[in-house]
1. When you go through TYR42, TYR4 one by one, which is the residue that is at negative phi, at pLDDT below 95 and among the hydroxyl-bearing types (Ser, Thr, Tyr)?
2. Exactly one condition in (1) part of a loop (DSSP other than H, G, I, E, B); (2) at pLDDT 95 or above is false for ARG35; which is it?
3. Only residues that are loosely packed, with under 12 Cβ neighbours inside 10 Å and touching a Ser or Thr at 6+ places or on another chain (Cβ under 9 Å): list them for the stretch 43-71, please.
4. Please enumerate the residues belonging to the stretch 1-42 that are surrounded by 11 or more Cβ atoms within 10 Å (Cβ to Cβ), within 13 Å of TRP66 (Cβ to Cβ) and of a type in the set (D, E, K, R).
5. Tally up the residues in the stretch 15-66 that are of a type outside the set (A, V, I, L, M, F, W, C) and in contact (Cβ under 8 Å) with a residue 40 or more places away in the chain, please.
6. Of everything in the stretch 38-69 that's in a loop (DSSP other than H, G, I, E, B) and hydrophobic (A, V, I, L, M, F, W, C), which residue is nearest to ARG2 (Cα to Cα)?
Amino acid sequence: MRDYDNHRCEGSLDAHCSIRRYQDVRPAQSIFDYRDGCWHLYKEEYDTEYMTGYLRHVMRIRYCPWCGEEL
């Protein structure tokens, strides 16, 4: 079972981005803990040194930048 909701549209898939909302967890584990119940935009990145992919946090969002849907 996932601990997040996600929004998918053609634009986000084409841009290799993930729009996610994690369940609200208080207190936060660290300043990089984005489990605050809000929608966040993540960009797929690739680390050539470790040869692995990961999702880099970009920003908190309220509307999808590609389809304009209010989240």
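1. On the way: TYR42 fails: at pLDDT below 95.
Sole residue among the options that is at negative phi, at pLDDT below 95 and among the hydroxyl-bearing types (Ser, Thr, Tyr): TYR4.
2. All conditions are met except number (2).
3. TYR46 - this is the single residue of the stretch 43-71 that is loosely packed, with under 12 Cβ neighbours inside 10 Å and touching a Ser or Thr at 6+ places or on another chain (Cβ under 9 Å).
4. ARG8
5. Within the stretch 15-66, residues that are of a type outside the set (A, V, I, L, M, F, W, C) and in contact (Cβ under 8 Å) with a residue 40 or more places away in the chain number 2.
6. Applying the filter and picking the extreme gives CYS38.
The values are calculated or read from the model by the stated rules, or taken from the named source; none is laboratory data. Just so you know, these numbers come straight off a predicted model, no measurement behind them. Cβ coordinates were reconstructed from backbone atoms using ideal geometry, including for glycine residues, and neighbour counts include every protein chain displayed.
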